[in-house]
1. Which one of these is more than 10 Å from chain B (Cβ to nearest Cβ), closer than 30 Å to B:PRO133 by Cα and touching a residue at least 40 places away in the same chain (Cβ under 8 Å): A:GLY151, A:GLY138, A:GLY155?
2. Kindly evaluate B:SER73 against the criterion of being open to solvent by 20 Å² or more (accessible area, probe 1.4 Å), at pLDDT 95 or above, closer than 30 Å to A:PHE207 by Cβ and under 20 Å from the mean Cα position of the chain (by Cα).
3. Any residue in the range B:61-69 that is at pLDDT below 90 and more than 14 Å from the chain's Cα centre (by Cα)?
4. Would you say A:ASP196 is within 15 Å of the chain's Cα centre (by Cα), more than 11 Å from every other protein chain (Cβ to nearest Cβ), surrounded by fewer than 19 Cβ atoms within 10 Å (Cβ to Cβ) and of a type outside the set (A, V, I, L, M)?
5. Restricting attention to the range A:55-66, which residues are modelled with pLDDT of 90 or more and either open to solvent by 20 Å² or more (accessible area, probe 1.4 Å) or among the acidic types (Asp, Glu) (or both)?
6. Run B:ARG108 past the list (1) closer than 30 Å to A:LEU189 by Cβ; (2) at the interface with another protein chain (Cβ under 9 Å from one of its Cβ atoms); (3) of a type in the set (D, E, K, R) and report the number of the one that doesn't hold.
7. Are there any pairs with C-beta distances below 7 angstrom linking a residue in the range A:190-209 that is within 18 Å of B:THR143 (Cβ to Cβ) to a residue that is of a type outside the set (A, V, I, L, M, F, W, C) and surrounded by 21 or more Cβ atoms within 10 Å (Cβ to Cβ), with the two at least 6 apart or on different chains, and if so which?
8. Return a yes/no flag: does the range B:93-102 have any residue that is in a loop (DSSP other than H, G, I, E, B) and aromatic (Phe, Trp, Tyr).
Amino acid sequence: MTFFGATWALFKKECLLQARQPASLLPMFFFSFLALLILKLGFGEGEGAVPWVPLVWATTLFGGMLRLTRSFDAEEEGDLLDHLRILPGIAGPLFLSKWILNFLFILLLEIATLAFAGIFSAIPLTELSQAVPAFLLGTLGLSCVGTLMAGMFVGEGRRDLLLPILAYPILVPVILGVLHGAALDITWLKVLASFDVIFATASFMVFEQILKG
Amino acid sequence: MKRFIPILLFLFLAVDFYLIFVNAPEEATQGLVQKIFYFHVSSAFAMYIGFLLAGLFAALYLWQRTLMWDLLSHAGVSVGLVFCTMVLVSGPIWAKPIWGTWWTWDPRLTTTFFLWLIFAASLMLRNYFGDNPRGKIFAAVFTLLGVLDIPLVFFAVKLWRGIHPAVLGKEGNMPGAMKLALIFSNVTVLVLFAVFYWVTYQLLRREEQAKHEN
C-alpha cells in the first residue's frame, strides 16, 4: 500500500469511528462556548470591549487542546497501537491521518466559536475574510504540534495536564502569529507558514521514534 | 587537573571583573547599571550554546540511542536553563532604572521567556517519565522542537521592532575598553558554562550508574 493509500485508509477509519459517536464532539463545542462566554464576561460587555480575534483564538486554543489530548483514544482500545507499531512505514500515514482529522475538528470548532462570537457582537465581513489565512495557518500549526505531542502520552493518566504545559510554549509563535497576522500582515503570515513547514517536517521525521517508544 | 579548575575560574572572573568595573568606562547616559550588559549578553550566548548543544545531542540520541548522548542533552538543557534564568533576571534589573519598568512585552524578552518555559517543560517531561526509557526519547524529541524555536529569538528584533537595544552589529559605537570587557566576559562565561556542563554531565552519569547498580 502506498503512503497516501495508507493515510486515506486510516483517515477513513477515523471518520467512520467518529461518525458512530457524533455526540462525543458536543463537550468540545460546549466547552468552547462557555470559555468564550467567560472571556467575554471577564473583559467587559459591549461591542468594542474586546476585539474578536483574541477571543476566538484563545477559545480555539483551549477547546482544541481537549480534542488533541484524545487524538489516540481509538488506538488505546484493544492495544491497536501495538499492532500498528509492527507495520513497516505506518508512522507517516498514521501521523498524517491524525493531523488531518485534528485539523478538521479544530477548524469546525473555530467556525462554531466564530458563530458564537457573532452572537455577542457583529464581526465585520472584511475583517473576517482578512483573518482567514492566519486562522488556517495557525490551526495547521496547532493541530500538527498537538498531534505529535499527543502521541507521547498515549495511555498516560496525566496527559490532560501535561499536553497543554508542553504544547503551549512551543506554540507561542503560532499564538502570536494568528493574533498579529489576522490583519493580513504578510510578515506574520510568513512566520506562521515557516512554523508550519518546519514543525510539519520535524514531526514526520520524529513521529516514528515516538510511536515505537 | 580537577583542583586547577576553581583556580582557573577564579583567575578568569578576577580579570573579567577588573575589565568590567575598573578598565571599561561608565556609559555616558546609563551610568553604572549599563555594566549588567556584560553579564547579560554573555549569559545569553551561553544560553543559546547550551540549548543548541542539547538539541544536537538529542538528535544524536534519537539516531544512535546511546545513553551518553541523552545525558549530554539533559545537561545542556539544565545548564542552558540556568543561563536563561540569568538573562531573564539581569535584563529586568537593567530595565528598571533605564526603561522605568521591570518588564515589557518586548519581542526578544518575550521569546526568551518562552524559551525558558519550553526547556523548563522539557525537564518536567523527563521528571514525569522518571526511569521509563520512553521518557528519554520523548525528552529528546521535545528538546529538538524547542531548539527549532530558537531562531525566532534572533529574528524577533528584526521582525517585530521591539525596544530591546540592538547592540551587536553596531561595534563602531563601542569604545575599545568596553569591547574588550565584552569579549572577555563572553570568554569567562563560556569557561563557566563548560565547567557547569561537565559537572552536570558527571552528576547525571553517576546517577545512572547508581540506578543500574541498585
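1. Numbers: A:GLY151 fails: more than 10 Å from chain B (Cβ to nearest Cβ); A:GLY138 fails: closer than 30 Å to B:PRO133 by Cα.
Just one listed residue meets the conditions, A:GLY155.
2. Values: open to solvent by 20 Å² or more (accessible area, probe 1.4 Å): no; at pLDDT 95 or above: yes; closer than 30 Å to A:PHE207 by Cβ: yes; under 20 Å from the mean Cα position of the chain (by Cα): yes.
In short, no.
3. We begin by selecting, within the range B:61-69, every residue at pLDDT below 90; these are none.
No - not one qualifying residue is present in the range B:61-69.
4. Details: within 15 Å of the chain's Cα centre (by Cα): yes; more than 11 Å from every other protein chain (Cβ to nearest Cβ): yes; surrounded by fewer than 19 Cβ atoms within 10 Å (Cβ to Cβ): no; of a type outside the set (A, V, I, L, M): yes.
For A:ASP196, the condition - within 15 Å of the chain's Cα centre (by Cα), more than 11 Å from every other protein chain (Cβ to nearest Cβ), surrounded by fewer than 19 Cβ atoms within 10 Å (Cβ to Cβ) and of a type outside the set (A, V, I, L, M) - is not met.
5. A:ALA58, A:PHE62 - these are the residues of the range A:55-66 that are modelled with pLDDT of 90 or more and either open to solvent by 20 Å² or more (accessible area, probe 1.4 Å) or among the acidic types (Asp, Glu) (or both).
6. All conditions pass for B:ARG108, except number (2).
7. Listed pairs, sorted by first residue: A:PHE195/A:GLY141; A:PHE195/A:PRO173; A:PHE195/A:GLY177; A:PHE199/A:GLY141; A:PHE207/A:GLY151.
8. Pass one, the range B:93-102, residues in a loop (DSSP other than H, G, I, E, B): B:100-102.
From what is left, the residues that are aromatic (Phe, Trp, Tyr) are B:102.
Yes: one or more hits.
The values are calculated or read from the model by the stated rules, or taken from the named source; none is laboratory data. For clarity, every value in this text was computed on a predicted model and none was experimentally measured. Glycine also receives a Cβ, built like all others from the backbone with ideal geometry; neighbour counts cover every protein chain displayed. In case anyone asks, the SASA skips ligands and DNA or RNA and just uses the protein heavy atoms, side chains included. Shrake-Rupley method; radii C 1.70, N 1.55, O 1.52, S 1.80 Å.
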